[in-house]
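The structure under discussion appears below in the form of structure tokens.
Bear in mind that the values in this text are calculations on the coordinates, not laboratory data. Because the structure is a prediction, the values reported are computed rather than measured. Positions of Cβ are generated from backbone atoms using ideal geometry, with glycine treated the same way; all protein chains shown enter the neighbour counts.
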Amino acid sequence: MDIIVLVKQVPATESLIEIAGDGLSIKTDAVKWVMNPYDEFAVEEAIRIREKEGGSVTVISAASDAGVKAKETLRVGLAMGADKAMLISDPAVAGCDGLGIARLLAAAVKDLPHDLIIAGQRAVDDDNYIVGQAVAENLKMPAVTLVVKEEIADGKIRCHRTVEGGTVVLEAPLPALITTQRGLNEPRYTSLPGIMKAKKKPIEEKSLADLGVDAADLAPKARILALKKPPDRTGGRIIEGESPAEKAQALVKALREEAKVI
Amino acid sequence: MSNGVLIIAEQQDGVFRKVTFEALSEGKRIAGEMGGGLKALVLGSNIGEMAPELAKYGADAILAADAPALANYVTDLYANVAARVIEAHQPAVVLMGATAQGRDLAARLAARLNAAIAMDCIALKVDSGDLVATRPMYGGKVLAEVGLSGAPRIAVIRPNAMDITASAGAGAVEPVDATAEESRLSVVEKHLETGKTELTEADVVVSGGRGMGGADYSIVEELADALGGAVGASRSAVDEGWRPHADQVGQTGKVVSPSLYVACGISGAIQHFAGMSSSRVIVAVNKDPDAPIFTKADYGIVGDLFEVVPEITKAVKTVKG
């Protein structure tokens with residue numbers, strides 16, 4: 001079973017996000033970068049499948065700036081137990097929208113042996129929910145998104161997909177792509193020997209030309225025009241009262257008469 | 001040239017999701033500005049009776065893809081039918097709801113049609129003929145204005161973010177080719193709780209956090225019931241195993257925008273704010289007067305939630321009679 005995992009480096013969710021001077025990007029100096037949490041589930045699941053079925057796990061990422069940050073995340077994947085890593089490194093990546101990134105990733109995957117592709121349901125920076133399903137479409141492959149449980153048997157993958165109000169169980173023939181949902185597994189921590197070993201594993205680098213992708217085909221159709229902060233919420237009123245009952249009644253009165261939400 | 005707006009309706013067992021009406025109402029407004037009519041596509045099996053309801057929110061034409069194979073949402077079947085309809089009708093804009101189904105279908109369609117896409121939009125505007133979507137990034141810590149070019153442009157709208165406006169449309173139901181080819185995906189089982197208010201669509205959400213101290217959420221559930229709302233949880237409550245993952249509100253859980261959000265025993269980590277800060281009114285109950293949640297809440301009660309929350313429930317029942 002040859003498994004490809006698509007990973008991305010993102011600001012840790014505890015990061016304060018500030019808008020940069022250009023009004024189009026965020027300030028990156030104070031941000032702590034980590035592997036996208038949904039991609040951690042993806043790497044963990046891939047390693048568990050390989051432990052059972054044999055085969056290989058390859059982590060792939062795309063980056064514009066010689067991939068310094070992306071390489072850190074690929075090394076985390078290797079330290080967790082992935083066998084190989086590939087970085088699509090090209091200045092053109094900077095201008096890509098989700099569909100462009102998906103095209104690059106699909107071009108990279110196409111030339112590698114793959115029975116299963118696992119991606120995070122979304123990256124917690126752009127919150128796009130696009131790349132997984134779009135990679136699958138580019139490879140004309142079935143995909144199941146938001147998977148909390150999977151079982152592989154007889155060349156098929158059976159997936160529990162979370163939907164509003166419950167789960168739906170779907171089956172797809174391999175090769176297939178799945179995206180991860182919280183609850184799929186508990187990602188392992190990287191161990192010191194794992195980290196040391198990961199440092200010795202090579203990261204294969206590919207440019208657009210290597211992948212046979214024309215930069216003109218990556219022109220974004222969705223373009224960020226401006227970033228702004230959401231309206232700031234400031235603390236309101238602390239409801240005082242002699243007893244819990246008195247406070248509760250005053251709150252409900254305010255919700256009904258001032259806020260008009262009850 | 002603009003060829004109007006197409007919305008893709010979402011229904012489950014004969015009931016439309018609320019976000020479908022939000023998409024129609026927003027679609028009507030966009031069609032009014034860009035020119036062209038508003039069409040709705042509904043896919044399913046035995047949908048003849050429900051389809052006309054879409055005219056109440058302004059649909060000029062209702063395209064019904066009715067076939068037994070479409071009874072359940074399956075990505076490739078729905079994408080095949082929707083792509084064919086989009087190619088035939090050439091809408092300038094395609095709208096659908098940001099649900100498990102809507103996001104999945106929209107991403108597949110965007111890749112197939114090479115169409116500009118914006119996910120989880122909370123506002124849309126037309127600017128010199130272009131569609132500009134406002135959408136949260138970084139878990140709502142930033143709002144991005146995204147310009148979409150080409151045709152069609154796909155905007156996937158977040159539930160509860162846009163108003164529902166009734167407006168009668170001509171709304172004739174037109175059957176469309178529902179042949180979906182063969183699917184490589186098959187639905188084996190469905191485990192769905194019916195009749196439960198979906199967290200992302202609820203008008204009121206009552207959440208419990210670490211302060212709950214255990215898996216007994218009865219006081220939170222009773223308040224949610226009294227308010228006709230849904231129950232949520234903070235990440236720490238989910239990590240403790242007190243509540244299912246599906247209930248988690250926050251940056252790596254669900255994002256909710258109800259009219260009223262009540263946080264019980266939640267200190268207010270930045271990741272939790274990301275999931276609920278777009279709520280209209282926030283109430284916090286916490287025994288720690290210095291809990292960060294009070295810096296964002298419209299109304300706060302400092303006190304023991306086990307004493308305060310049942311009293312709120314009682315007071316709500318009294319005023320609601």
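Odds and ends about this structure:
- Crossing angle, helix B:100-113 versus chain B [Cα axis fit, 0-90 degrees, rounded to tens]: 40 degrees
- Here B:272, B:89 are placed in order of increasing Cβ neighbour count within 10 Å, fewest first, which gives B:89, B:272.
- Under the simplified labelling scheme, the residue A:257-residue B:182 pair shows an inter-label distance of 6.9 nm, with each label point 7 Å from Cα along Cα→Cβ.
- Derived scalar couplings ³J(HN,Hα) [region B:50-59; Karplus, 6.51 cos²θ - 1.76 cosθ + 1.60; whole Hz; x for Gly, Pro]: 7, 3, x, 4, 5, 5, 5, 10, x, 5
- In Hz, Karplus ³J(HN,Hα) per residue of region A:34-50 (6.51, -1.76, 1.60; θ = phi - 60°; x = Gly, Pro): 9, 5, 3, x, 6, 6, 4, 4, 5, 5, 4, 5, 4, 5, 4, 5, 4
- Table column - 3J(HN,Hα) (Hz), region A:167-176, Karplus curve with 6.51, -1.76, 1.60, x for Gly and Pro: 9, 10, 9, 10, 10, 9, x, 7, x, 8
- Longest stretch of chain B clear of exposed loop sites (GluC sites (Glu not before Pro), DSSP loop, at most 12 other Cβ atoms within 10 Å, sites excluded): B:50-180.
- Cα-based helix-to-principal-axis angle, B:305-320 vs chain B, degrees rounded to 10: 60 degrees
- Anisotropy class of the protein assembly as shown from Cα gyration tensor, a/c 1.5 cut: oblate
- Cα long-axis angle, helix B:18-34 against chain B (0 to 90 degrees, to the nearest 10): 50 degrees
- Taking each DSSP H run with n ≥ 4 as -39500 (n - 2.57) and averaging over every residue of the protein assembly as shown yields -8500 deg cm²/dmol at 222 nm.
- Cα-Cα over 22 Å, subset of A:229/B:254; A:27/A:69; B:141/B:196; B:254/B:296; A:84/A:206: B:141/B:196
- Once exposed loop trypsin sites (Lys or Arg not before Pro) are cut out (DSSP; at most 14 other Cβ, 10 Å), longest piece of chain A: A:141-259
- Region B:219-308: trypsin sites (Lys or Arg not before Pro) in DSSP coil with no more than 10 other Cβ atoms inside 10 Å: none
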